[in-house]
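Participant: Dumping the structure here so I can ask a few things about it.
The values are calculated or read from the model by the stated rules, or taken from the named source; none is laboratory data. Being a predicted model, the structure only gives us computed values, none of them experimental. A quick note on method: Cβ atoms are made from the backbone with ideal geometry, for glycine too, and the neighbour counts reach across all protein chains shown.
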């Protein structure tokens, strides 16, 4: 299930339903490539990524943060941000890769994490 974590006039952040914490950052305008974004929006997009990454590192203490932006199936700018753990079902493979094991991660409360992300982004980009 996907749902909205944060939104402003130019960007929004959704949760991806997965065994690992996984957020996706979208531009509201459907730009196809990063280079098509106006420079100011591109900087905001990367700032959103930085904030989410720092919050994930602090809250979940993952083994690694993965970032991806394939955009082949959905040809518009969006960035996936995933907290990865040695114990997750796919590690060290990508989440789109081969499942290596059955895993049941014991992670902190997801809603509390989403609230932290919302508050951090809201402070940064006061609507």
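Participant: If residue 50 passes every condition in (1) loosely packed, with under 14 Cβ neighbours inside 10 Å; (2) touching a strand residue (DSSP E or B) at 6+ places or on another chain (Cβ under 7 Å); (3) under 21 Å from residue 124 (Cα atoms) but one, which one does it miss?
Facilitator: Condition not satisfied by residue 50: (2).
Participant: Check 81, 77 and return the single one that is crowded, with 19+ Cβ neighbours inside 10 Å, in contact with a helix residue (DSSP H, G or I) (Cβ under 7 Å, 6 or more places away or on another chain), modelled with pLDDT under 95 and within 22 Å of residue 124 (Cβ to Cβ).
Facilitator: On inspection, the qualifying residue turns out to be 77.
Participant: Moving on. Just to verify a result, which residue in region 29-46, among those that are loosely packed, with under 13 Cβ neighbours inside 10 Å and at pLDDT below 95, is farthest from the chain's Cα centre (by Cα)?
Facilitator: Only one residue fits best here, namely 35.
Participant: If you take just the strands (runs of 3 or more DSSP E) that sit entirely in region 15-127, which of them hold at least 1 residues that are under 18 Å from residue 3 (Cα atoms)?
Facilitator: 22-27, 78-84
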